[in-house]
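The structure appears below as structure tokens.
The values are calculated or read from the model by the stated rules, or taken from the named source; none is laboratory data. Just so you know, these numbers come straight off a predicted model, no measurement behind them. With ideal geometry, Cβ positions are generated from the backbone for all residues, glycine too; neighbour counts draw on all protein chains shown. Heavy atoms of the whole protein, side chains included, go into the accessibility calculation; ligands, DNA and RNA do not. Shrake-Rupley method; radii C 1.70, N 1.55, O 1.52, S 1.80 Å.
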Amino acid sequence: MLFRQTARSAAALFGFLLCLALAAQAQTTSVKLPNVTILATGGTIAGTGATSTTTVGYTAATVGVQALIQAVPEMTRIANVSGEQVFQIASENMGNEHWLLLAKRVNTLLAQPNVDGIVITHGTDTLEETAYFLNLVVKSKKPVVLVGSMRPSTAMSADGPANLYNAVLLAASPDAAGRGVLVALNDQINGARDVSKTNTTSLDTFKTTELGMLGYIVGGKPFFYRATTRKHTVDTEFDVMNLSVLPQVEVAYAHANVGPVAIDALVASGAKGLVHAGVGDGSLPAKVRPALSAARKKGVIIVRSSRVGQGMVARNGEANDDELDFVAGDNLSPQKARILLMLALTKTTNTRDIQKMFYTY
């Protein structure tokens, strides 16, 4: 009898534990994973080399988005991942037409309730520019994360898979919402406005040298330490959804013994805006000043930037911007000043209004 009672007790205990296990399993399977869409554009992260030790001289943009996803199956544990091949190029070939196509697709996807975040795979050469463009024209607070790699997918030390995993993790995180477009490489989180590629080949190339990164990705979780104070995404005045072209804006680079040839050629080509990447605090060499002044009188908007890479270009500092009717580029790099000026020209040609934009975005 004692044996029967013990057996019944054991059976009851087993049944109870089984019910707990099934309930736990049901609870686990009922957890809804966020939906993240990967938009692939090419770049080194989709590149291949001749051997596993080829980390320079490889061919970019050869691997499709589905292959990138399949190479990182761990992503399925943190998000429902889908992929689209928007285009397949090396990022030095990125053009305005690519930006418009990408921005429209991002905005269309983010407007859907079943899309929680977007990851964009991208070549590193112009990644910072695409990120800043999207930072100004994306109309959603949902996370948008750009990611790339410094080594091709075939390298024995390829950094692409880990970077892609972290980017999906970040895009799936509610903590990333409302922070503007983000850049995730090398376990670091940077903001689109301020980040730059700083080294030609190092994995630790994307940095916000003066103001600092936004945070880290450690142990499968993003940690944020600061946020940008400049307006972005839903708080900007720029909308490209109905645009098919963008105004022509060019960059003229200053150097010792520089003359007006490049400026005159760019103006003659039809430029509506010109960013002068000046020396120091955006200084205007004597041989260049008359060409820039003449360009402004023809209606070309002139922005004084700096080739230095850090620091503000002070209005009325190294040039009388009020008298010349120029715009001071704040602390934007020349390539990013070009992007803001290009979008500004879709709204106005008033230099005072454009100057306000450079202090706002």
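Some points to look at:
- Residues of region 336-361 satisfying the condition of being open to solvent by 60 Å² or more (accessible area, probe 1.4 Å) and either of a type in the set (S, T, N, Q) or closer than 16 Å to Glu129 by Cα (or both): Thr349, Asn350
- Reported count of residues in region 331-358, each being touching a residue at least 12 places away in the same chain (Cβ under 8 Å) and more than 20 Å from the chain's Cα centre (by Cα), is 7.
- Residue in region 293-305 that is out of contact with any strand residue (DSSP E or B) (no Cβ under 8 Å at 6 or more places or on another chain), within 21 Å of His255 (Cα to Cα) and surrounded by fewer than 19 Cβ atoms within 10 Å (Cβ to Cβ) present: yes
- Scanning region 75-121 for residues that are open to solvent by 20 Å² or more (accessible area, probe 1.4 Å), touching a helix residue (DSSP H, G or I) at 6+ places or on another chain (Cβ under 6 Å) and within 17 Å of Leu33 (Cβ to Cβ) returns Ile78, Val81, Gly83.
- Elements of type strands (runs of 3 or more DSSP E) in region 136-237, at least 2 residues being of a type outside the set (Ser, Thr, Tyr) and surrounded by 24 or more Cβ atoms within 10 Å (Cβ to Cβ): 144-147, 182-185, 188-191
- Output for region 252-282, where each listed residue is among the aliphatic types (A, V, I, L, M), open to solvent by less than 60 Å² (accessible area, probe 1.4 Å) and more than 16 Å from Gly299 (Cα to Cα): Ala252, Ala254, Val258, Ala262, Ala277, Val279
- For region 322-331, the condition of being closer than 26 Å to Thr233 by Cα, open to solvent by less than 30 Å² (accessible area, probe 1.4 Å) and aromatic (Phe, Trp, Tyr) holds for none of the residues.
- Figure legend. Inter-residue proximity from region 55-76: first residues free of Cβ contacts under 8 Å to residues at least 12 places away in the same chain, second residues open to solvent by less than 50 Å² (accessible area, probe 1.4 Å), beta-carbon distance below 8 Å, spacing 6+ or different chains. Indicated pairs: Gly57/Gly49.
- Note on region 240-251: residues that are among the β-branched types (Val, Ile, Thr) and open to solvent by 30 Å² or more (accessible area, probe 1.4 Å) total 2.
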